[in-house]
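Structure, as structure tokens:
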Amino acid sequence: MPLPDLSLDADACRFDWDALDRRFAWVRAMKDCPQDPVYHAEGNVWIHTRMVLDALMKLDAFAALSAAERWVVYAGALFHDVAKPDTTREIDGRLSARGHSTRGARRTRRILWELGCDPMVREHVCRIVAAHQVPFFAALEEGAARRVHRLSHKLRCDFLALVTEADGRGRHCRDQDDLIARVDLFRELCREEACLDQPRAFPDAHSRFLYFQTEGRNPAYAAHDDTRGEVTVLSGLPASGKDHWCRQHASDPVISLDDLRQELRIDPADRKRQTEVVIEARSRATELLRAGRPFVWNATNLTRERRTRIVDLATRYRMRVRIVHLETSAETQRARNRARPRPVPEAIVDAMIDRWEVPTPDEAHAVEYLTT
């Protein structure tokens, strides 16, 4: 799958900012977003982002990457503040953009999905956007090693450090040298923990899962696996292929929220009654879990919070968890949804896309990504 054209000449380490500005409304929106002059004396987000990209192109470590790797890092830098126009507020007389990293990851996901970006490349970029501030302070916090271990299973920590270093260099502020020094500390921590350019190693998947689930565990400890079976949790937008996957691959019982809605005669658009569907699904799941029986949970499960509830329930009954995330192109998803006997209203799908969080490898014993 080709990478979208984001006006980068990866071989020459050059980009065309004017072309980006002409083509994308989300780039132009940065012009109208001011920043706190204490941290960004250079001006608005549009100016800052261009300076960040200029700084990135000059880094030797960026030039040392392959063309495909440069695209990922460049995209992470390009999108790192994409949500600031939506999140910037004046609080106690100061400009603040709280939450712009998390919201920026979701905004980036939608933009790159609609541009047809390869899903795994897209997710790498989104995870960099979500974590782009972390290297400024991670090495100085309690639990720093555990944090970089988790990060390394989501992204390349050296790629993240490049974006954050460029973020620090592409601004005017008094503490610029301190910011860059903090990124160097982050790199050194990742290097010491053997996860700068690769995921932190664990004895096995179960040990890794328990380490990320429980504070205070030793990452080198090989945990005893007393699990009794496996629960499969599906995740994906409507019309992404979850029902088809169940027909093709599910030999275990399937708890389908769509089927339960029909059984209980509850309209999917009736938000007040959706809790009834979830309660009935959890009741049936609990019966299977008590018996140690594997099953498939078939629902959109678009946020980590929703998936965590199912993962926590399953692990309380000593079950392993596999998450299978399914997706298709934006064009195909919309066409499939329109062709359904009962299509999900487009406004509801749009709201789902805005909160869509693709599963990360630290959420379960195994996470699979399928494009249908």
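The values are calculated or read from the model by the stated rules, or taken from the named source; none is laboratory data. These numbers come from a predicted model, not from an experiment. Please note: Cβ atoms are built from the backbone with ideal geometry, for glycine as well, and neighbour counts cover all protein chains shown. Heavy atoms of the whole protein, side chains included, go into the accessibility calculation; ligands, DNA and RNA do not. Shrake-Rupley method; radii C 1.70, N 1.55, O 1.52, S 1.80 Å.
With touching a residue at least 24 places away in the same chain (Cβ under 8 Å), in contact with a strand residue (DSSP E or B) (Cβ under 8 Å, 6 or more places away or on another chain) and open to solvent by less than 50 Å² (accessible area, probe 1.4 Å) as the only criterion, which of 57, 120 stands out?
Within the list 57, 120, the selection yields 57.
Looking at 158, 118, can you tell me which residue is of a type outside the set (A, V, I, L, M) and over 22 Å from residue 330 (Cα atoms)?
On the way: 118 fails: over 22 Å from residue 330 (Cα atoms).
Only one candidate qualifies: 158.
Go through the residues of the stretch 203-211 one by one and say whether even a single one is at negative phi, surrounded by fewer than 20 Cβ atoms within 10 Å (Cβ to Cβ), without any contact (Cβ under 8 Å) to a residue 12 or more places away in the chain and outside any helix (DSSP H, G or I).
No, because not a single residue in the stretch 203-211 is at negative phi, surrounded by fewer than 20 Cβ atoms within 10 Å (Cβ to Cβ), without any contact (Cβ under 8 Å) to a residue 12 or more places away in the chain and outside any helix (DSSP H, G or I).
Which of the numbered conditions does residue 105 fail, given that it passes all the others? Conditions: (1) free of Cβ contacts under 8 Å to residues at least 12 places away in the same chain; (2) in contact with a Lys or Arg (Cβ under 8 Å, 6 or more places away or on another chain).
Checking residue 105 against (1) free of Cβ contacts under 8 Å to residues at least 12 places away in the same chain; (2) in contact with a Lys or Arg (Cβ under 8 Å, 6 or more places away or on another chain), the one that fails is (1).
Examine the stretch 176-188 for a residue that is farther than 30 Å from residue 346 by Cα and part of a loop (DSSP other than H, G, I, E, B), and state whether such a residue exists.
The answer is no; no qualifying residue exists.
So which of 269, 281, 291, 285 ends up being closer than 19 Å to residue 306 by Cα, hydrophobic (A, V, I, L, M, F, W, C) and surrounded by fewer than 16 Cβ atoms within 10 Å (Cβ to Cβ)? It would help to see each step written out before you state the result.
Working: 281 fails: surrounded by fewer than 16 Cβ atoms within 10 Å (Cβ to Cβ); 291 fails: closer than 19 Å to residue 306 by Cα; 285 fails: surrounded by fewer than 16 Cβ atoms within 10 Å (Cβ to Cβ).
Answer to the check: 269.
Do you know which residues across the stretch 193-202 are of a type outside the set (A, V, I, L, M, F, W, C) and buried (at least 17 other Cβ atoms within 10 Å of the Cβ)? First the steps, then the outcome.
Kept after step one, since they are of a type outside the set (A, V, I, L, M, F, W, C), are these residues of the stretch 193-202: 193, 197-200.
Passing the criteria: 193, 199, 200.
Report, by residue number, each residue of the stretch 40-54 that is within 10 Å of residue 167 (Cβ to Cβ) and either among the basic types (Lys, Arg) or open to solvent by less than 30 Å² (accessible area, probe 1.4 Å) (or both).
Here is the first cut: in the stretch 40-54, the ones within 10 Å of residue 167 (Cβ to Cβ) are 48-49, 51-52.
Residues satisfying the conditions are 48, 49, 52.
If residue 263 meets every condition in (1) touching a Leu at 6+ places or on another chain (Cβ under 9 Å); (2) more than 23 Å from residue 367 (Cα to Cα) apart from one, which number is that one?
(1)
Does any residue of the stretch 221-232 turn out to be hydrophobic (A, V, I, L, M, F, W, C), surrounded by fewer than 16 Cβ atoms within 10 Å (Cβ to Cβ), touching a residue at least 12 places away in the same chain (Cβ under 8 Å) and within 30 Å of residue 139 (Cα to Cα)? Give the derivation first.
Of the stretch 221-232, the ones hydrophobic (A, V, I, L, M, F, W, C) are 222-223, 231.
From the residues that got through so far, the ones that are surrounded by fewer than 16 Cβ atoms within 10 Å (Cβ to Cβ) too are 222.
Those left that are additionally touching a residue at least 12 places away in the same chain (Cβ under 8 Å): 222.
Remaining after also requiring within 30 Å of residue 139 (Cα to Cα): 222.
Within the stretch 221-232, one or more residues are hydrophobic (A, V, I, L, M, F, W, C), surrounded by fewer than 16 Cβ atoms within 10 Å (Cβ to Cβ), touching a residue at least 12 places away in the same chain (Cβ under 8 Å) and within 30 Å of residue 139 (Cα to Cα).
So which residues in the stretch 234-250 are charged (D, E, K, R) and surrounded by 23 or more Cβ atoms within 10 Å (Cβ to Cβ)? Step through it out loud before you land on a result.
Filtering the stretch 234-250 down to residues charged (D, E, K, R) leaves 242-243, 247.
Across the stretch 234-250, the qualifying residue is only 242.
Residues that are without any contact (Cβ under 8 Å) to a residue 12 or more places away in the chain and closer than 22 Å to residue 244 by Cα: list the helices (runs of 4 or more DSSP H) wholly contained in the stretch 274-372 that include at least 2 such residues.
Numbers: elements: 274-290, 304-316, 330-339, 346-354.
Passing ranges, in order: 330-339.
For residue 186, state whether it is more than 20 Å from residue 64 (Cα to Cα), open to solvent by less than 20 Å² (accessible area, probe 1.4 Å) and modelled with pLDDT of 95 or more. Please lay out each step first, then the result.
Details: more than 20 Å from residue 64 (Cα to Cα): no; open to solvent by less than 20 Å² (accessible area, probe 1.4 Å): yes; modelled with pLDDT of 95 or more: yes.
The answer is no for residue 186.
Can you name the number of the only condition in (1) open to solvent by 20 Å² or more (accessible area, probe 1.4 Å); (2) over 24 Å from the mean Cα position of the chain (by Cα) that residue 3 fails?
(2)
Have a look at 55, 12 and point out the one that is over 17 Å from residue 130 (Cα atoms), among the aliphatic types (A, V, I, L, M) and at pLDDT below 95.
Step by step, each of 55, 12 is checked, and only 12 is over 17 Å from residue 130 (Cα atoms), among the aliphatic types (A, V, I, L, M) and at pLDDT below 95.
Exactly one condition in (1) crowded, with 17+ Cβ neighbours inside 10 Å; (2) more than 23 Å from residue 174 (Cβ to Cβ) is false for residue 29; which is it?
Only one criterion is unmet by residue 29, namely (1).
Considering only residues that are among the hydrophobic types (A, V, I, L, M, F, W, C), open to solvent by 50 Å² or more (accessible area, probe 1.4 Å) and over 30 Å from residue 213 (Cα atoms), which ones fall in the stretch 317-372? Explain how you work it out, then say what you get.
Residues of the stretch 317-372 that are among the hydrophobic types (A, V, I, L, M, F, W, C), as a first pass: 319, 321, 323-324, 326, 330, 335, 339, 344, 347-349, 351-353, 356, 358, 364, 366-367, 370.
Filter once more, so that each one left must be open to solvent by 50 Å² or more (accessible area, probe 1.4 Å): 339, 347, 370.
The answer is 339, 347.
Filter the stretch 251-264 for residues that are among the acidic types (Asp, Glu) and not in a loop (DSSP other than H, G, I, E, B); which is least open to solvent (accessible area, probe 1.4 Å)? Break it down stepwise before answering.
Residues of the stretch 251-264 that are among the acidic types (Asp, Glu), as a first pass: 252, 258-259, 263.
Narrowing the set further to residues that are not in a loop (DSSP other than H, G, I, E, B) leaves 258-259, 263.
Working: 258: 67, 259: 95, 263: 108 Å².
Ranking the candidates gives 258 first.
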